[in-house]
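Okay, so here's the structure we're looking at.
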Amino acid sequence: MARRILTALVGAAVMGIGAHAASAATLDDVKAKGFVQCGVNTGLAGFAAPDASGNWSGFDIDYCKAIAAAIFADGSKVKYTPTSAKERFPALQSGEVDVLARNTTWTINRDTALGFNFRPVNYYDGQGFMVRKGLNVKSALELSGAAVCVQTGTTTELNLADYFKSNNLQYNPVVFEKLDEVNAAYDAGRCDVYTTDQSGLYSLRLTLSKPDDHMILPEIISKEPLGPAVRQGDDQWFDIVSWVHYALIQAEEFGVTQANVEEMKKSTNPDVQRFLGVEADSKIGTDLGLTNEWAVNVIKAVGNYGEVFDRNIGAGSPLKIERGLNALWSKGGIQYAPPVR
């Protein structure tokens with residue numbers, strides 16, 4: 001009985017601490033320190049990777065810059081915290097980072113038990129498999145008995161087990177905590193198969209010693225809605241992070257680009273005027289705790305969603321990933337922004 005009481009008291013204390021941390025005004029904290037602290041991948045080409053000088057670039061990096069631009073009118077006011085799959089959630093829970101923009105899948109467990117909030121999906125993905133062409137397989141259903149490289153602490157690891165079990169296939173998991181360890185093991189031939197989100201496979205294939213010797217199998221075995229996450233308990237910060245994504249989508253739909261955003265402020269379209277904060281009595285920014293030109297500042301910093309996608313992972317990048325589900329809703333995809341009014 002004493003142990004149960006003590007456990008309850010400790011649990012209550014921890015919950016109290018967590019609730020206090022979650023209720024803090026993140027926007028005020030960010031403004032006070034002068035930058036956004038963004039949790040990102042340790043290095044995934046096209047999504048988040050530093051160059052030789054330590055300058056970060058990628059799809060997720062542009063989201064960090066966009067959030068900073070919305071707040072400070074300056075996309076450079078952001079600092080990056082590289083995190084492994086295992087480190088990313090404690091970093092967000094503890095307040096070490098303000099937002100996690102790290103190709104992270106939205107799940108019910110993460111949305112509830114871990115205390116996070118997800119809303120916008122900035123990349124609709126799915127888990128796939130990469131193999132050496134010399135393995136002579138055309139389908140994941142031919143992989144029974146294979147050694148499979150996978151990163152621990154991910155939905156990838158769980159999906160892998162479910163897929164092989166449901167198809168009565170055997171496999172030998174070769175598990176590592178850090179992404180570079182998984183990459184090195186696969187490249188060295190310690191496993192036959194590499195599994196992760198399909199977008200990640202396209203990225204990782206470019207880093208292999210002989211990229212052309214590898215192929216990505218056609219099967220997609222899971223839904224992987226990726227997007228930024230924040231701590232629960234701060235609705236204003238949640239709204240800001242969410243609407244930064246929606247602004248990128250809306251800008252593409254309106255045809256507002258990094259190059260023409262100033263010119264588009266002269267548009268006679270009331271929807272565009274409202275979106276860009278030039279409509280009389282607009283509250284597009286003040287309702288978020290920002291200036292009315294926050295969307296303009298986001299677009300000036302990184303462009304619209306299509307520009308962010310193409311530059312980092314799409315047609316204008318080495319990855320050349322097709323838009324697919326990530327096209328606008330009006331162009332065969334499912335990317336969609338709520339009304340800005």
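The values are calculated or read from the model by the stated rules, or taken from the named source; none is laboratory data. If you're wondering where the values come from, they're calculated on a predicted model, not measured in any experiment. Because the Cβ atoms are built from the backbone with ideal geometry, glycine has one as well, and the counts that use them run over all protein chains shown. All accessible areas refer to the heavy atoms of the entire protein, side chains included, with ligands and DNA or RNA removed. Shrake-Rupley method; radii C 1.70, N 1.55, O 1.52, S 1.80 Å.
By the Cα gyration tensor, region 77-191 has an equivalent ellipsoid whose semi-axes, rounded to whole angstrom, run 30, 17, 13 from largest to smallest. Of the heavy-atom accessible surface of region 192-269 (probe 1.4 angstrom), what whole percent is carbon and sulfur? Here it works out to 47 percent.
In terms of packing, defined here as the mean over residues of other Cβ atoms within 10 angstrom, the peptides 277-289, 234-246 line up highest first as 234-246, 277-289. Once you order the gyration tensor axes a ≥ b ≥ c over the Cα atoms, which shape class does region 132-216 get: rounded for a/c under 1.5, otherwise prolate or oblate by comparing a/b with b/c? Oblate shape, in that a/c is at least 1.5 and b/c is the bigger or equal ratio. Each peptide in 315-325, 162-172, 122-132 was scored by the mean count of other Cβ atoms within 10 Å over its residues; highest first, the order is 122-132, 315-325, 162-172. Annotation: the antiparallel percentage among DSSP beta bridges lying fully within the chain is about 55. Report note on the peptides 267-276, 107-116: ranked by the mean count of other C-beta atoms within 10 Å, highest first, their order is 267-276, 107-116. Once a ≥ b ≥ c are taken as the square roots of the eigenvalues of the Cα gyration tensor of the chain, is the result rounded (a/c under 1.5), prolate (a/b larger than b/c) or oblate (a/b not larger than b/c)? Since a/c reaches 1.5 but b/c is at least a/b, the shape of the chain is classed as oblate. Summarising the amide proton neighbourhood of Glu279: residues at separation of 5 or more, or on other chains, whose placed amide H is nearer than 5 Å comprise Arg274. I need the shape label for region 131-170. Rule: rounded when a/c is under 1.5, else prolate if a/b > b/c, else oblate, with a, b, c from the alpha carbon gyration tensor. Because a/c hits 1.5 or more and a/b fails to exceed b/c, region 131-170 counts as oblate. Accessible area per residue for the chain, computed on protein heavy atoms with a 1.4 Å probe, is 46 Å².
Of Lys33/Lys65; Lys133/Lys320; Lys77/Lys265, which sit over 22 Å apart, Cα to Cα? Pairs exceeding 22 Å: Lys77/Lys265.
Two tests apply to each whole DSSP H helix in the chain, Cα reach of 18 Å or more along its axis and mean Kyte-Doolittle hydropathy of at least -1.0, and the ones passing both are 2-22, 59-72, 235-254. Whenever you get a sec, compute what percent of the accessible area on region 65-158 sits on carbon and sulfur atoms (1.4 Å probe). Here it works out to 52 percent.
Springs between Cα atoms under 10 Å define the GNM used for the chain, and in it the highest mean-square fluctuation of Ile249, Ile61, Ile221 occurs at Ile221.
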